[in-house]
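First the structure, in the form of structure tokens, and then the observations on it.
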């Protein structure tokens, strides 16, 4: 027997229409050098229609890809809404990737148009000659466009956002797209090889937006204002713009003002009560509050979601003392990203609640999870059995664009690469990673890449890099180096050598010179032994922090 229910497709334009009408007065508050500027959801809906008409005029008439090279601001949210609603595909470009990886992702996505914030024009100008798929560049905000136009290859046109949207209609006949069509693309950080693309569908975005809003997850409503510190170029800002348009949650958008001082000033001005970001940002804000309390007013904040890397107990305790609750979450690009969020069970004692809060949390209703051992046998949720976490669900990717890395998918499940255990009452605790990727401040660092670059130095015979705990960043790389016979080199010289080869934020601060890198029985670097030696104080570490 089949149901009598309508088969109405799940589409982003329905979220846009709902939010701009029912929550017309909710706000997008964007930080500026002089304070902030405010746009209502109703105005954002009108701008989304105008942008859709403008993109149609530029030739976006199907599922072509529209990239964004932008910070967190109102225009970026408008683009989040307009591009998929009109049937095109949004590609928020990770501005923190190395240049060659940005070039790769733009080419792989086949971006036809890229919208660029004015403050990012200089960096984008350097990239533009290497982006052959582009036909149009749209610049948001006042800027000198002459260098950009000079750098543009033949046939690439440069436009101003305001001029392009001027006089456009404020309504748009949004098409009915298939709910399984791609709405947006994000790329993983590409720590081993090129970044891998994940295409989110209209269906997955809508279901994810609804699930983020429920009380056991973010618990958002029209009574809230959410400070969105997680970048909009990172996993669709954890889906928060779409949840906001559903619930009427106002958004406080810090644009490029992410350092503790300007962020604190923006919080004092905008007065958000909720927030979402990585531990590094919240840690910097806490340090400022401790060192210069007269500069910081966090009194509006009630709760902050922490994701991207593990939340330390000290960070949680610091915010508890400030009267602000931190909520631990876990996810990844492949999971859209909400995979788990930790709220203690009802009735838990204070001591038990603290332990629960430090775990990664429970899985949303529509996300299935299991643990598997190396033989792919499923393990019990007993709080002790440790295995690799595998997940599946309506907002979990089933493949990568281009069919890359098929080994990450097992029998209809995504192998997350994270290792841990799950308690009988369903709380995830991650304990390690399958691969030795270092997670620092919400970004990934490839230990293999750093090792390869270090061993390119003529004085280095062997080098192994492992992640070690860091109060500020969660993890930072420790480089252990074996010198060639008769050679000498200092950590300062090695850092300078690496500085031209990897992003500066990946440079190790901790160094140890050793006689030999410990090996496993098959001759691989034994990184477990190195981590243990560091933890036990057996390494003579030079710390350049």
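The table that follows gives values for the structure above.
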| item | result |
| --- | --- |
| Any hit, the stretch 56-69, residues being touching a strand residue (DSSP E or B) at 6+ places or on another chain (Cβ under 8 Å), assigned to a loop (DSSP other than H, G, I, E, B) and farther than 23 Å from residue 113 by Cα | no |
| Filter result (modelled with pLDDT under 90, touching a strand residue (DSSP E or B) at 6+ places or on another chain (Cβ under 7 Å) and in a helix (DSSP H, G or I)) within the stretch 514-531 | 527 |
| Filtered residue count, the stretch 157-198, keeping only those that are under 30 Å from residue 450 (Cβ atoms) and touching a strand residue (DSSP E or B) at 6+ places or on another chain (Cβ under 8 Å) | 11 |
| Condition check for residue 266: in contact with a strand residue (DSSP E or B) (Cβ under 6 Å, 6 or more places away or on another chain), part of a helix (DSSP H, G or I) and over 25 Å from residue 359 (Cβ atoms) | yes |
| Output for the stretch 160-190, where each listed residue is in contact (Cβ under 8 Å) with a residue 60 or more places away in the chain and assigned to a strand (DSSP E or B) | 182, 183, 184, 185, 186, 187 |
| Residue match in the stretch 515-526 (condition: under 31 Å from the mean Cα position of the chain (by Cα), closer than 28 Å to residue 283 by Cβ and surrounded by 12 or more Cβ atoms within 10 Å (Cβ to Cβ)) | no |
| Qualifying positions in the stretch 207-220 - in contact with a strand residue (DSSP E or B) (Cβ under 9 Å, 6 or more places away or on another chain), buried (at least 19 other Cβ atoms within 10 Å of the Cβ) and touching a residue at least 60 places away in the same chain (Cβ under 8 Å) | 208, 211, 212, 217, 218 |
| Some residue of the stretch 41-54 being within 29 Å of residue 265 (Cα to Cα), part of a strand (DSSP E or B) and touching a residue at least 60 places away in the same chain (Cβ under 8 Å) | no |
| Residue 95 vs. criteria in contact with a strand residue (DSSP E or B) (Cβ under 7 Å, 6 or more places away or on another chain), closer than 20 Å to residue 188 by Cβ and outside any helix (DSSP H, G or I) | yes |
| Residue 51 touching a helix residue (DSSP H, G or I) at 6+ places or on another chain (Cβ under 7 Å), assigned by TED's automatic domain parsing to the domain that holds residue 229 and under 18 Å from residue 239 (Cα atoms) | no |
| Restricting the stretch 103-119 to residues that are under 18 Å from residue 146 (Cα atoms) and free of Cβ contacts under 8 Å to residues at least 60 places away in the same chain, the residue that is surrounded by the fewest Cβ atoms within 10 Å (Cβ to Cβ) | 118 |
| Answer residue from the stretch 324-360, given it is part of a loop (DSSP other than H, G, I, E, B) and free of Cβ contacts under 8 Å to residues at least 24 places away in the same chain and is nearest to residue 287 (Cα to Cα) among those | 344 |
| Where residue 285 falls short, out of the listed (1) under 29 Å from residue 200 (Cα atoms); (2) touching a helix residue (DSSP H, G or I) at 6+ places or on another chain (Cβ under 8 Å); (3) in a helix (DSSP H, G or I) | (1) |
| Qualifying positions in the stretch 128-150 - assigned to a helix (DSSP H, G or I) and surrounded by 20 or more Cβ atoms within 10 Å (Cβ to Cβ) | 128 |
| Flag for residue 31 being within 30 Å of residue 271 (Cβ to Cβ) and in a loop (DSSP other than H, G, I, E, B) | no |
| Among residues of the stretch 53-73, those that are closer than 23 Å to residue 178 by Cβ and over 26 Å from the mean Cα position of the chain (by Cα), counted | 7 |
| Verdict on residue 79 being in a helix (DSSP H, G or I) and within 23 Å of the chain's Cα centre (by Cα) | yes |
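The values are calculated or read from the model by the stated rules, or taken from the named source; none is laboratory data. Being a predicted model, the structure only gives us computed values, none of them experimental. Quick reminder, even Gly has a Cβ in these numbers, built from the backbone with ideal geometry, and neighbours come from all protein chains shown.
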